[in-house]
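Reading through the structure tokens given below for one structure.
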Amino acid sequence: MSGWLGIEGKTIIVTGGSSGIGKAVVEALLENDAHVVLADLHEPEQELYDKAKDNQLVFVSTNVTERSSVVNLVNETKKQFGTIDVIVNNAGINIPRLLIDPKEENSKFELSDVTFDKIVSINQKGVFLCSQIAGREMVKAGKGVIVNMVSESGLEGSEGQSAYAATKAAIYSFTRSWAKELGKYNVRVVGLAPGILEKTGLRTPAYEEALAYTRGITVEQLRQGYTNKSIPLRRDGKLKEVADLVAFLSSDRASYITGTTYTIAGGKTRG
Ligand SMILES: NC(=O)c1ccc[n+]([C@@H]2O[C@H](COP(=O)([O-])OP(=O)(O)OC[C@H]3O[C@@H](n4cnc5c(N)ncnc54)[C@H](O)[C@@H]3O)[C@@H](O)[C@H]2O)c1
């Protein structure tokens with residue numbers, strides 16, 4: 001008997017699936033008997049393979065910023081499973097930096113050209129490349145879903161994270177525009193925008209140090225803020241909660257949903 005979601009046997013690519021949200025997404029999809037192609041710079045830990053049935057999970061070493069690497073990902077997926085039903089554009093980075101550091105011009109916490117280009121190339125160009133190359137297969141097949149991992153900061157803006165937030169705002173816009181372009185080919189494009197979540201690989205000591213600096217607070221104060229009163233549910237979100245929404249949006253249960261980005265932030269933000 002098939003499950004309520006009905007994604008058994010669907011082929012779903014997850015970029016950045018070796019860590020954090022992406023890993024939780026891979027687990028949710030495996031639980032629901034989808035075929036998963038994990039595209040990441042780093043191979044996942046063995047425990048993820050242990051959760052998969054025979055040939056259910058394939059890792060393809062991928063750099064989403066390089067066209068040839070994404071072409072290889074799509075070719076390998078077709079070779080392994082024949083089709084691409086869904087791509088989850090999840091790979092992303094965040095390097096907190098100030099536009100202007102009044103304490104020191106060109107300080108290590110000011111946004112440099114190099115950091116700007118790095119954030120844009122992974123968070124924005126990577127989503128473009130993956131959507132174009134995988135999306136072409138979906139248009140040919142007359143069906144498919146592109147799921148974009150956005151962030152509430154894309155709508156809200158974020159102190160000390162302007163370059164990151166701007167790339168996420170771009171993904172809100174990609175989601176709207178591509179839904180308009182691809183709807184006629186029965187390809188849906190949807191986004192989801194998490195707020196504050198339990199810890200992932202993104203929240204490194206360097207990240208926390210930089211973000212605290214840009215906000216003029218200590219790392220300790222920053223950590224206290226993760227579950228502050230600005231979240232009506234008074235807690236951070238679980239990766240599994242985000243993963244469940246991805247699984248739903250990937251499924252035909254969401255068949256009339258396109259061109260929109262769901263906020264999943266415990267009530268913290270509008271949208
Ligand atoms: N963690 C949060 O609180 C949060 C909130 C909102 C949105 N997001 C978004 O969720 C996504 C996942 O974030 P996370 O917190 O799980 O981070 P993470 O650091 O735990 O995982 C990101 C993964 O992406 C991979 N990756 C990085 N660059 C890549 C590249 N060039 N090619 C292929 N893979 C690459 C990394 O190897 C890593 O496995 C990101 O897009 C992030 O912006 C996270």
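The values are calculated or read from the model by the stated rules, or taken from the named source; none is laboratory data. Please read these numbers as outputs of a predicted model, since none were measured by experiment. Backbone-built Cβ (ideal geometry, glycine too); neighbour counts: all protein chains shown. Remember, those area values only see protein heavy atoms, side chains included, never the ligands or the DNA or RNA. Shrake-Rupley method; radii C 1.70, N 1.55, O 1.52, S 1.80 Å.
Table for the structure above
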item	result
Two-decimal Rg to Rh for the chain - Kirkwood Rh, Cα set	0.97
Sequence-separation-based contact order of the chain, relative, with Cα cut under 8 Å and 6+ spacing, percent	21 percent
12 Å beta-carbon shell around Lys51, net charge (K/R +1, D/E -1)	-4
Heavy-atom accessible surface of the chain: percent carbon and sulfur, 1.4 Å	51 percent
Segment 179-271 - accessible surface per residue (Å², probe 1.4 Å)	54 Å²
Exposed chymotrypsin sites (Phe, Trp or Tyr not before Pro) absent - longest run of the chain, DSSP non-H/G/I/E/B, at most 14 other C-beta within 10 Å	5-255
For segment 131-271, diffusion coefficient by Stokes-Einstein and Kirkwood Rh (Cα), 20 °C, 1.002 mPa s, µm²/s	132 µm²/s
Charge tally in the Cβ shell below 10 Å around Glu27, where Lys, Arg are +1 and Asp, Glu are -1, Glu27 excluded	+1
Quotient of Cα Rg and 2.2 N^0.38 Å for segment 69-215, N being how many residues it contains	1.18
Stokes-Einstein diffusion coefficient of segment 79-120, Kirkwood radius over Cα pairs, 25 °C, 0.890 mPa s, in µm²/s	185 µm²/s
Centroid-to-centroid separation of segment 194-234 and segment 104-176 [C-alpha atoms, Å]	21 Å
Three principal axis lengths of segment 1-107 [C-alpha, angstrom, descending]	63, 30, 25
